[in-house]
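Written below as C-alpha cells is the structure these notes are about.
The values are calculated or read from the model by the stated rules, or taken from the named source; none is laboratory data. Being a predicted model, the structure only gives us computed values, none of them experimental. Backbone-built Cβ (ideal geometry, glycine too); neighbour counts: all protein chains shown.
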Amino acid sequence: MDWNLIIEQSLRSLLSTATMAYALAALGLALHFGFTGLLNMGVAGFMALGAYGYAISVLTFGWPWWAGILVGLAAAAVFALILGIPTLRLRGDYLAIATIAAAEVVRLFFLTTAFDAVTGSADGLSGYHGSLRSANPIPPGTYGIGPFTYNETGWWTRILGLIAVAVATVFVLLLTRSPWGRVLKGIREDEDAVRSLGKNVFAYKMQALVVGGIIAALGGIVWVLPSAVNPNTYMTSTTFFVWTALLLGGAATVFGPLLGAVLFWFVRTLLGVLLPEMVDAGLLPFMSSIQAATLRDILVGVALILLVVFMPQGILGNKKELTFAR
C-alpha cells in the first residue's frame, strides 16, 4: 500500500474547506440542538441556501463576492423565519420530521429543471470564482510545507474559511455566555419553566434558529469557495454527517463541534483512501473499490451508533450537561 499517499491525503483534510464547512455547520447546529434543544434535521438545507445564494448572486447578477456572501446568509435567515413560524411550536420527533422535509424541499427546488437557467438544475453552478480570485492579495506561487502546500488560490480560500470559523466561534462563545444564552439553556432544560418566568420562548427559539441557520449557511458558502455548487451535495446524508461531527465533539459545547468536524473529516478521508488501497493490495479480496467506499460510510454509521450509546456527551461535553440519550 502507498502509505505516503494515505498519510498525505488524510493530513490535507485537516485544512480543507470541507472540514471548515462542517465545523461551521456543526457550530450552527450546536446553537440549535446543544444550547436550545431544537432537533433540527435540516442543516443541509441551510448550507444549500448559503451556497446557492452566493453562487447565483455572483454568477447571474454579477455582484462582488462579499455581496454574494451576504445574500447567502440573508437567504438562510429568511428560510429560518419561514420554517420556524409554523414548526417551532412542535417538539422532538415532530420538529425533526418537519425540518428534514423542509431541507429536501430546498434541495429538490434547486434540482428541478424549471429554474435551470438560474440554478443549473442537476449540473449545479460553476464559474463564479472570478470576483473572489481577483480580490486575492496573495502573490502567485506555491506556498506551504509537506501536505499543506497550496497555490495562491488554495491559500486564499482556506484563509477566508479560517477567518469565518474564528469569527463564528467567538460570536457563539459570547452569545452562549450572555443572559440570552442562559435563557436558551433554560429552554433546553424546561421550556415551561422558562415560560412561567415571563420569557417569550417562541421568540428565543426563533432567534436561535435564525442565528444557527446563518452560521450553517456560512459553512455552505465556505464549502463552495474553491469548487462548484452541486445539489447532490446537500442530501440528507450531509445532515447526518454534521450531526456526527457535533455529537463526536460535544453537542452542548462551543469548541466541541470544531473538534468533532476535524476528527470526522480526518477519519472519513483516511478510510476513503485506506480501504481502496487495502482492496488493491489484496487485503480485502471479497470487495471492489466501489464497495470499499460504501464500507466507509457503513463504518461511520456504526461509529455514530456507538458514540450515542457509550459517549453521548461527546469528547468535550460535560456529563452534567445535555446528552443525546437523556
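Taking THR294, is it among the polar types (S, T, N, Q) and either within 19 Å of the chain's Cα centre (by Cα) or in a loop (DSSP other than H, G, I, E, B) (or both)?
No, not satisfied.
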Could you figure out which of (1) closer than 22 Å to LEU14 by Cα; (2) surrounded by 17 or more Cβ atoms within 10 Å (Cβ to Cβ); (3) not basic (Lys, Arg) isn't true of VAL279?
(1)
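Give the residue, chosen from ASN318, ASN232, that is modelled with pLDDT of 85 or more and surrounded by fewer than 17 Cβ atoms within 10 Å (Cβ to Cβ). Steps first, answer last, please.
Values: ASN318 fails: modelled with pLDDT of 85 or more.
That would be ASN232, the only listed residue that is modelled with pLDDT of 85 or more and surrounded by fewer than 17 Cβ atoms within 10 Å (Cβ to Cβ).
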Please go through segment 130-159 and pick out each residue that is farther than 30 Å from TRP3 by Cα and either loosely packed, with under 15 Cβ neighbours inside 10 Å or modelled with pLDDT under 95 (or both).
GLY130, SER131, ARG133, SER134, ALA135, PRO137, ILE138, PRO139, PRO140
Pairs returned, first residue in segment 192-204 that is among the small types (Gly, Ala, Ser), second residue that is in a loop (DSSP other than H, G, I, E, B), beta-carbon separation under 8 angstrom, 6 or more apart or interchain, are none
Output the residue which, of all residues in segment 177-217 that are surrounded by 19 or more Cβ atoms within 10 Å (Cβ to Cβ) and basic (Lys, Arg), is farthest from PHE35 (Cα to Cα).
LYS205
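Which of the following residues is under 30 Å from ALA135 (Cβ atoms) and buried (at least 21 other Cβ atoms within 10 Å of the Cβ): LEU162, LEU174, LEU225?
None of the others qualify; the one that does is LEU225.
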When you scan segment 173-279 for helices (runs of 4 or more DSSP H) that lie fully inside it, which ones turn up with 1 or more residues that are within 27 Å of GLY68 (Cα to Cα)?
201-224, 236-249
Go through (1) at negative phi; (2) touching a residue at least 60 places away in the same chain (Cβ under 8 Å) one by one and return the number of the condition ARG133 breaks.
(2)
Checked pairs for segment 1-30, first touching a residue at least 24 places away in the same chain (Cβ under 8 Å), second of a type in the set (Asp, Glu) and surrounded by fewer than 24 Cβ atoms within 10 Å (Cβ to Cβ), C-beta under 8 Å and 6 or more apart or across chains, list as MET1/GLU277; MET1/ASP280; ASP2/GLU277; LEU5/GLU277; ILE6/GLU277
Return only the number of the condition from (1) in contact with a strand residue (DSSP E or B) (Cβ under 6 Å, 6 or more places away or on another chain); (2) polar (S, T, N, Q); (3) within 24 Å of LEU73 (Cβ to Cβ) that ASN151 does not satisfy.
(3)
